[in-house]
Amino acid sequence: MKINFFRVILWPKNSHRKTIFLMKLSFFFYITFCFQLLAFHSFSQDNITLSEENSSLKSIIHKIEEQTSYNFILNNDVIDVDQIYSIKVIEKDVTETMALLFENSSISYNIKKNHIILSKSNIQADNYTINGTVTDANTGETLLGASISIKDSKQGVFTNEYGFYAITLPKGTYLFEISYLGYTTKEVSIELKNNIKLKIELQPSLSELSEIVITSNQHAKSQVQSILGGTIRLTASEIKKLPAFFGEPDIARAVLTQPGISSVGEGTSGFNARGGNIDQNLILLDEAPLYNTSHLFGLFSIFNADAVKVVKLYKGGIPARFGGRASSVLEIQQINGNSKRFKGEGGLGLLFSRFTIEGPIKKDKVSFLASGRRSYFDLFFPLINDIPADKFHFYDLNTKLTWNINKNNTLYASGFFAADVIKIDQEEEGGEGGSDVGIDLGWTNATATVRWNHIFSSKLFANITGIYSKYKFNIGIREDFNEEEDFVTTLERSIENWIFKPDFTYFSSPDMQMRFGLSGNLYQFIPKLRGTEINEVYDKEKALELGAYYSVEKQWDRLSLDAGLRFSWFANYGEDTIAIYNPDFPQTPSTITGFRNVKNNEISKSYFGVEPRMSLKYDFNDRKAFKIGYNRMFQYIHLITSQTIALPNDVWKPSGQYIEPLEVNQFSAGYAYDTKDKGYNFSLEGYYKTFDNIVEYKNGARLGINNNLETELVPAKGFSYGLELAAYKNKGRVTGNANYTYSVTKRKTKSAFSSEQINNGAYFSSDYDRPHLFNLTANYKLSKKWEVGAFFTYQTGRPTTQPNGRFTFNGESYLTYADRNSFRIPDTHRADISFTYTPTGNPKTNWKSSWSFGLYNVYGHKNAFSINSVLEDNELETGQISLIGAPIPFISYNFKF
Amino acid sequence: MKRLYIYITILVSLSILTSCLDDLTQDFDFEFEEQVFISGLLTNETDFVSVQIQKTVPVTDTTFSTVNDVQIFLYSRDASNTVLLVTDSFTTDNGDYMSSEMITPITGNTYWIEAVLQDQTVLTSEEEILKPSIPIISMVKTGDIVRVTVTDQIEDENFYLVQFEVLKDGILIDEFLGVFNDSFVTDNLEEFIEIDGIREGDTVRASIYNINFNTFQFYANLLNNLDDDLVLSSLFTPTNIVGNITNTTINEQALGNFGIAGFSSMTKDF
């Protein structure tokens, strides 16, 4: 607001008549002062005519100033000139107009001379809260992360992960703008004079195929608004636009297209976030933790994109409500199910198909979702003689029930079941007497989640969750010798979780919200060995992890803070027999000096951790922001794997007497920039992470069940640092993103004994240390019917260990090796392309379909997974293994009704 | 367990039908770092002590590089903690160091060697206790399987190096070497090991060494490195053949092992 205080005084040109002039001047001032004294009454007679509906205070002030000789005086920091007011007056004087305008307002006014001074009323203004949910108008699906802001103002909130929002404001009339990616922005005028519950429905901006919506949104990929650095949000529609392996939209591969995310090699399970091991990612599906996220050893993700609403990856700032894993959180929310009408969706692919059905059981009250996939490429195996697989397929099923009990209560029950079924029956080659071998390599992953959303008051929202999760795998061997009875041995491992999490959000003001809660997680790790001659449970382990957290999100004018603190406690419970080792020697089976027996439910070892989380953002303006952050995370369970890639049968081990919790500290700083029309978003972020108590296998460690697994392990520490650059284009026919990451990840064992050290205790590159990583994703809307998607990636080759000599022992030759991971395999790169054809559907039916086809690894580049050497018949053989060494065409038919 | 990984690898390859293995044997020129490898196994039997010492050669070199200028000391420590130099008198033949006189090791004592190289680098084996031998009770053939039954010492976790030699008319036709520990069946007084493929007329010689953990680890490393499958080996980080030898000059682990073992053997004609 521009306030004019100046008066022009004309200086007389004839200064020689000074005395006369001074007299005249005195008279002039006298007259002027008199007029000023009179002015209050005379000018107050200025009349005003206004007809404003939902106009900002700024524009109303401007019109009053235009119609009268009054000027307004106010402090912008105290008076919000963007507030919405409505007034209709005809030929009213200022006093009446002011009284009318600021009736029921927290603003008081004082008219002095020709000035109207506005100030905040001394009487405490009444604050009221508007809360509710934001949903899709067609499906009733809650929209997570939708923006609810006061138009032309910085004030606003986002819906939380349950679609809930609350905003508390002084009494008044406000014009809210509600926006969400892929939906038409909506404006809602609210006269706030008491607490209001408001369910807001947004209309999808295109209704052809809701998952193929291509639209731009000013907040599409902007990192400017989020206080937390290093967060990535992906919707199912974005994931489906990526060219996919065998045409199957894959969430895990979509995550790998993001900056700072790498893997050991393509087609492997899991991902590495900013130098963390794959077990350092907390992967939650409707809040239930998952331990194996891949079918068929990493080829396909277990997440069915049709059942997924949104995926959020936290790799920088991690909110205090998350705990238990040290490097990232991948939060996946399933859709709730259409509460308006029945809807089906599916796809037929070359190797597997999927089908989803959702709909209301009671309209707008109870809805359901059921979504399943099943592979069938094993049906073709009989055509290929060399494949010994008897059973070889996977399936998964996502289910959900949502019950909107009333305005204050919603109940969700969701379930997930995934399995690989792999059975091989093979005659032993060269085996005399017809002996044969059968192998069972199946696993199952099941979760059940019950969530209760309750609104305690207009400002207090609660989500109370109970979760059961079980992951189980088998390795079974059946050996048949000489028509004797089969010899069967099955190793079974399972991990069970019982979780209870009450979580509360308090929306104290539009600028501040607090989140606090508790979490409890009871683990059971059960290894079993059973078979023809044995049936034993080995070292069943129980552990309890408790957490309490508090976080606050506060915004000032330009500064925003998200600070939190988590306190975690972990205990490993008996019954157990813990080996005691001679402290003067490395822990080996031969240095055991005794055992400590721990009774059932007695704590064998406990740990606690204080985990501060802090993110600070400074807005240069609404398009530029600078962020810094610090996180400390503790992880109490560890994935013990001796291979370079993770396999379903890898061992999860809780912290205990000899395995300490992993501690990771991360510092990050970043800058986010949006272009003026927000059509392009850019971000740059650097980080430095330290790792302590990483669990590494010793050189030559033994595999299999081991009651003293610590004898095979050595603790390590490490660090990683990197710089991530990302650019997004959100508008136009071509949309997409490009990102580049430079990163370094090192490890170092920290045993007190030189015999246990890897590389003699020097730092070495981790298996997934790939310094240069570049990804490019593009989508081009050719026409209403045709769309092209393309993806290109370039990555530095992963570290490897090479031979550096040979010797002979007992007549056999053996290789010796240089330091671990001191060489690299060649850099990898790959391009994928996909075409989507969406024919014009019959407007009389709801049936919509599309064809998707393309090529994975377009130019058939043989990306090395490994280069290694063996001695065969005393001759050195070196080979490069490429998991996907040829172009892979795909075609799929997708439909919905 | 190892077989499982072979299957896993096969399955991974088969499932995508697009994986490939390219031979790069001619394309690579590996760096070479010369190292010394020491090996030997001292048993409870009265015998000459033998230590083999060689240098590593480049990966494409198929020759054998012996070291013949090393000074070797064999030490012992008894129950009263007295250290005794057992012998430092060895004759050398093509990298094979043989003690000048026969030695009778004592069960319960510890033994180790020190090898001083020409450049004064000292390589030392870890002190290992001489464990009692594990008596072989019987060898019984059923079909083509021979079961060897031994008496276990249930109070300890034992580590075994097992060697089967199959002879036909006095000629070695097959050999099997394996390492086991008894952590799975510690409650049984008798344990058995089986070997199949034995025909009528074969002679089987079973040898069981009751070894220490580091020697067990050394042989486990050796056996793991015998795998000649490129695909399987790509899944694991390769391991150097280290055991209980330390380069005490720079306090780093070195290649090789000098093991101490209680020994028993049985030979039977079938």
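The values are calculated or read from the model by the stated rules, or taken from the named source; none is laboratory data. Everything numeric here is computed off the predicted structure, so don't read it as measured data. Quick reminder, even Gly has a Cβ in these numbers, built from the backbone with ideal geometry, and neighbours come from all protein chains shown.
Only residues that are over 24 Å from A:Phe753 (Cα atoms) and not in a strand (DSSP E or B): list them for segment A:565-584, please.
Taking segment A:565-584 and keeping what is over 24 Å from A:Phe753 (Cα atoms), we get A:565-577.
Residues satisfying the conditions are A:Gly574, A:Glu575.
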Given the conditions (1) away from chain A (no Cβ under 11 Å); (2) at pLDDT 90 or above, which single one is not true for B:Gly170? (2)
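Could you identify the single residue in A:Thr793, A:Thr800, A:Thr816 that is within 20 Å of A:Ala254 (Cα to Cα) and among the β-branched types (Val, Ile, Thr)? Outline the logic, then answer.
Values: A:Thr800 fails: within 20 Å of A:Ala254 (Cα to Cα); A:Thr816 fails: within 20 Å of A:Ala254 (Cα to Cα).
Of the residues listed, the single one that is within 20 Å of A:Ala254 (Cα to Cα) and among the β-branched types (Val, Ile, Thr) is A:Thr793.
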For segment A:334-351 the number of residues that are part of a strand (DSSP E or B), out of contact with any helix residue (DSSP H, G or I) (no Cβ under 7 Å at 6 or more places or on another chain) and surrounded by fewer than 22 Cβ atoms within 10 Å (Cβ to Cβ) is 4
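Using the structure shown, decide if A:Lys528 is more than 29 Å from B:Asn214 (Cβ to Cβ), basic (Lys, Arg), assigned to a strand (DSSP E or B) and free of Cβ contacts under 8 Å to residues at least 40 places away in the same chain.
Values: more than 29 Å from B:Asn214 (Cβ to Cβ): yes; basic (Lys, Arg): yes; assigned to a strand (DSSP E or B): yes; free of Cβ contacts under 8 Å to residues at least 40 places away in the same chain: yes.
In short, yes.
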Just one of A:Arg820, A:Arg824 is among the basic types (Lys, Arg), more than 8 Å from every other protein chain (Cβ to nearest Cβ) and touching a Ser or Thr at 6+ places or on another chain (Cβ under 8 Å); which is it? A:Arg824
Within segment A:629-651, can you find the residues that are closer than 17 Å to A:Ala563 by Cα and surrounded by fewer than 23 Cβ atoms within 10 Å (Cβ to Cβ)? A:Tyr630, A:Arg632
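How about segment A:405-468: which strands (runs of 3 or more DSSP E) wholly inside it have at least 3 residues that are more than 23 Å from A:Asp364 (Cα to Cα) and modelled with pLDDT of 90 or more? So that I can check it myself, show each step before the final result.
On the way: elements: A:409-427, A:436-440, A:443-455.
Correct list: A:409-427, A:443-455.
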Report, ordered by the first and then the second residue, all pairs with beta carbons closer than 8 Å, sequence separation of six or more or different chains, a first member in segment A:306-322 that is in a strand (DSSP E or B), and a second member that is modelled with pLDDT under 90 and of a type in the set (D, E, K, R). A:Lys309/A:Glu141; A:Val310/A:Arg233; A:Val311/A:Arg233; A:Lys312/A:Glu161; A:Lys312/A:Arg233; A:Leu313/A:Arg233
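Look at A:Gly656 and say whether it is in contact with a Phe, Trp or Tyr (Cβ under 9 Å, 6 or more places away or on another chain) and among the small types (Gly, Ala, Ser). Before the answer, list the steps.
Working: in contact with a Phe, Trp or Tyr (Cβ under 9 Å, 6 or more places away or on another chain): no; among the small types (Gly, Ala, Ser): yes.
Judged against the criteria, A:Gly656 is not a match.
Could you list, in sequence order, all residues of segment A:787-824 that are assigned to a loop (DSSP other than H, G, I, E, B) and touching a residue at least 40 places away in the same chain (Cβ under 8 Å)?
At the first step, the residues of segment A:787-824 found to be assigned to a loop (DSSP other than H, G, I, E, B) are A:796-798, A:801-802, A:810-811, A:818-822.
Within segment A:787-824, A:Gly797, A:Arg798, A:Gln802, A:Asp819, A:Arg820, A:Asn821, A:Ser822 qualify.
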Considering only residues that are farther than 18 Å from B:Phe263 by Cβ and among the polar types (S, T, N, Q), look in segment B:90-124 and name the one that is surrounded by the most Cβ atoms within 10 Å (Cβ to Cβ). B:Thr124
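Working only within segment A:849-897, note down all residues that are assigned to a loop (DSSP other than H, G, I, E, B) and under 29 Å from the mean Cα position of the chain (by Cα).
So in segment A:849-897, the residues assigned to a loop (DSSP other than H, G, I, E, B) come out as A:857-865, A:873-874, A:883-887, A:897.
Within segment A:849-897, A:Asn857, A:Asn863, A:Phe865, A:Leu883, A:Ile884 meet the criteria.
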Every listed condition ((1) more than 14 Å from chain B (Cβ to nearest Cβ); (2) closer than 30 Å to A:Asn582 by Cα) holds for A:Lys785 save (2)
I'd like to verify a number: residues in segment A:553-567 that are within 10 Å of A:Gln513 (Cα to Cα) and either without any contact (Cβ under 8 Å) to a residue 40 or more places away in the chain or more than 19 Å from the chain's Cα centre (by Cα) (or both), how many? 2
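What residue, among those in segment A:585-628 that are basic (Lys, Arg) and surrounded by 13 or more Cβ atoms within 10 Å (Cβ to Cβ), is nearest to A:Gln757 (Cα to Cα)? Full working, then the answer.
Narrowing segment A:585-628 to residues basic (Lys, Arg): A:596, A:599, A:605, A:613, A:617, A:623-624, A:627.
Within this subset, residues satisfying the condition of being surrounded by 13 or more Cβ atoms within 10 Å (Cβ to Cβ) are A:605, A:613, A:617, A:623-624, A:627.
Numbers: A:Lys605: 26, A:Arg613: 33, A:Lys617: 42, A:Arg623: 50, A:Lys624: 47, A:Lys627: 39 Å.
Top of the filtered list is A:Lys605.
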Restricting to segment B:217-270, name every residue that is among the polar types (S, T, N, Q) and either surrounded by fewer than 17 Cβ atoms within 10 Å (Cβ to Cβ) or in a loop (DSSP other than H, G, I, E, B) (or both). B:Asn225, B:Ser234, B:Thr237, B:Thr239, B:Asn240, B:Thr248, B:Thr249, B:Asn251, B:Ser265, B:Thr267
Qualifying positions in segment A:609-666 - in a loop (DSSP other than H, G, I, E, B), in contact (Cβ under 8 Å) with a residue 12 or more places away in the chain and either within 14 Å of chain B (Cβ to nearest Cβ) or of a type in the set (Ser, Thr, Tyr) (or both): A:Tyr636, A:Thr641, A:Ser642, A:Thr644, A:Ile645, A:Ala646, A:Leu647, A:Pro648, A:Asn649, A:Ser655, A:Tyr658
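The rows are residues; the columns are (1) at pLDDT below 80; (2) over 26 Å from A:Phe608 (Cβ atoms).
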residue	(1), (2)
A:Asp486	yes, yes
A:Thr489	yes, yes
A:Glu492	no, yes
A:Glu496	no, no
A:Gln513	no, yes
A:Glu536	yes, yes
A:Lys542	no, no
A:Tyr549	no, no
If A:Tyr697 meets every condition in (1) within 14 Å of another protein chain (Cβ to nearest Cβ); (2) of a type in the set (Phe, Trp, Tyr); (3) out of contact with any helix residue (DSSP H, G or I) (no Cβ under 9 Å at 6 or more places or on another chain) apart from one, which number is that one? (3)
Among A:Asn127, A:Asn54, A:Asn114, which is touching a residue at least 24 places away in the same chain (Cβ under 8 Å) and over 30 Å from A:Ser508 (Cβ atoms)? A:Asn114
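Any idea how many residues of segment B:56-97 are away from chain A (no Cβ under 14 Å) and at positive phi? Steps first, answer last, please.
Start the filter on segment B:56-97 by keeping residues that are away from chain A (no Cβ under 14 Å), which leaves B:68-93, B:97.
Okay, now just the ones that are also at positive phi, so B:81.
So the count comes out to 1.
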